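Peer 1: Encoded as structure tokens, here's the structure I'll be asking about.
The values are calculated or read from the model by the stated rules, or taken from the named source; none is laboratory data. Since the structure is predicted, the reported quantities are computational estimates derived from the model, not experimental observations. All Cβ positions, glycine included, derive from the backbone under ideal geometry; neighbour counts span all protein chains shown. The protein model used for the area step is the full one, side chains on, heavy atoms only, and it has no ligands, DNA or RNA in it. Shrake-Rupley method; radii C 1.70, N 1.55, O 1.52, S 1.80 Å.
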Amino acid sequence: MKNLIRDLWVDEKARRAGFADGASLAEAYALKPYRLDQLYRAATKELIENVASISVLPADLRARLSERGVALDSVEPVVILRSNDGQTTKGLFRLHDGNEVESVLMEHWGGRTTVCISSQAGCAFACAFCATGQAGFTRNLTADEIFDQARYFARDLATRGKKITNIVFMGMGEPFHNYAAVMNAVRLLNDPHGFGLGHRHITISTVGLVPQIERFSDEGIQVNLAISLHAPTDEQRGAIMPVNKRWPVAELMAACAAYVTKTHRKIFFEYVMLRGVNDDDESARALGKLMRGHLYHVNLIPYNSTPDAAVQGSDDQRIRAFQKVLDEMGVPTTVRTPMGRDIAAACGQLQAETQPRVKKAPAEVALAPS
Ligand code: SAH
């Protein structure tokens, strides 16, 4: 198992340096498997900055690999912003082809740290309230491009004697629209010989792609599942989430129930609170009916306003009232604490502010099972 994950990592680094795969890289430099182990471990466990600094490798080998463009990182920080309270750090990262993605580090009180990472450049699902969705889809990230966002913040935290305790796939893109690469990134994050983050500390958030929820049910891993529900009826959800036309609420909820039956794992439902759209008591009751009696938890999310969106967030009072209705129905809820609002830390916001906006239509491909 160890070598499979290492080889996957080496393959991606080799390809980016222009080799056909890891085997041809190893051949070009007569690298024995233990050398590949050293490279992999240096990047994923020891969090060494670059090939030139891997002291277990002979100096001439380091020089030749670096010259040839073999690099430990596939994402380059372009803008790093820290919130005034120091708890939130946002990174805008450039990929080798010039595309940019965002990730966010949150350092909570009590030592917990969460990194929110992106799985795609852009997103094809065009949710009305989401800055990433407004800009359209560009491309899937590779597993190492996803993983290297975590590596960046793990290195940043290490300078303060801290570690990443949680990873959430809640950055740009739809993780289940890039299923294979996301699962490989999960393997890289989890590998006990490398990065070593436990499955239970990882959460994948999806817009609600039913075939992939079914596939994920069969993975047999303890990674958490979060569903972006955001509205309890087809009418309301369809108005803000085009994906609802393909997989309406009833189908989505059936897939969720089947997931819990199969895995015995709780599902987290995200519900972004939008003024006059989904935040009235009747919506709360309808949501409560969908949730009641299941192993479900509702996360009410205060909306972070984005430049082009036509919607506004609910005020705190409305959020509390909405939560009370769910409480009374016996549905477990939490209200997410907004972080990093002073640095535009919500999904896609930083990129929206630094790049010219071109609005694209949602890609048809997004709605086909992959
Ligand atoms: N495609 C995945 C991951 C998206 S981002 C998904 O849809 O779940 C993670 C969460 O942030 C989603 O629930 C998304 O709907 C929500 N979100 C997007 N923009 C937001 C904003 N401006 N304010 C608050 N939450 C937002």
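Peer 1: Of all the residues that make up segment 96-114, how many are surrounded by 19 or more Cβ atoms within 10 Å (Cβ to Cβ) and within 16 Å of ALA143 (Cα to Cα)?
Peer 2: Residues meeting the conditions: 4.
Peer 1: Can you list residue pairs whose Cβ atoms sit under 7 Å apart, with the first residue in segment 105-128 being farther than 14 Å from THR88 by Cα and the second being aromatic (Phe, Trp, Tyr) and within 16 Å of the ligand (Cβ to nearest atom)? Count only pairs 6 or more apart in sequence or on different chains.
Peer 2: SER119/PHE169; GLN120/PHE137; GLY122/PHE137; CYS123/PHE137; ALA124/PHE137
Peer 1: Please name all residue pairs, on different chains or six or more residues apart, with Cβ atoms under 8 Å, provided the first residue is in segment 37-60 and is within 18 Å of PHE195 (Cβ to Cβ) and the second residue is open to solvent by less than 40 Å² (accessible area, probe 1.4 Å) and among the acidic types (Asp, Glu).
Peer 2: So the pair list comes out as THR44/ASP191.
Peer 1: Can I ask one more? Given the structure, is ARG187 away from the ligand (no atom under 16 Å from the Cβ), without any contact (Cβ under 8 Å) to a residue 40 or more places away in the chain, on the phi < 0 side of the Ramachandran plot and open to solvent by 10 Å² or more (accessible area, probe 1.4 Å)?
Peer 2: It is false that ARG187 is away from the ligand (no atom under 16 Å from the Cβ), without any contact (Cβ under 8 Å) to a residue 40 or more places away in the chain, on the phi < 0 side of the Ramachandran plot and open to solvent by 10 Å² or more (accessible area, probe 1.4 Å).
Peer 1: Separate question: I need the helices (runs of 4 or more DSSP H) fully contained in segment 1-118, keeping only those with at least 2 residues that are within 22 Å of VAL186 (Cα to Cα) and outside the structural domain of THR159 (by TED's automatic domain parsing).
Peer 2: 2-16, 33-44
Peer 1: Select from segment 221-238 the residues that are near the ligand (Cβ under 10 Å from one of its atoms) and either outside the structural domain of SER283 (by TED's automatic domain parsing) or assigned to a loop (DSSP other than H, G, I, E, B) (or both) and list them in ascending order.
Peer 2: LEU229, HIS230
Peer 1: Take segment 72-81 and flag every residue that is buried (at least 16 other Cβ atoms within 10 Å of the Cβ), touching a Leu at 6+ places or on another chain (Cβ under 9 Å) and within 20 Å of LYS163 (Cα to Cα).
Peer 2: LEU72, VAL75, LEU81
Peer 1: Those residues that are surrounded by fewer than 18 Cβ atoms within 10 Å (Cβ to Cβ) and among the aromatic types (Phe, Trp, Tyr), I need them from segment 1-48; list them, please.
Peer 2: TYR29, TYR34, listed by residue number.
Peer 1: Those residues that are aliphatic (A, V, I, L, M), away from the ligand (no atom under 12 Å from the Cβ) and either closer than 12 Å to ASP218 by Cα or touching a residue at least 60 places away in the same chain (Cβ under 8 Å) (or both), I need them from segment 256-272; list them, please.
Peer 2: ALA258, VAL260
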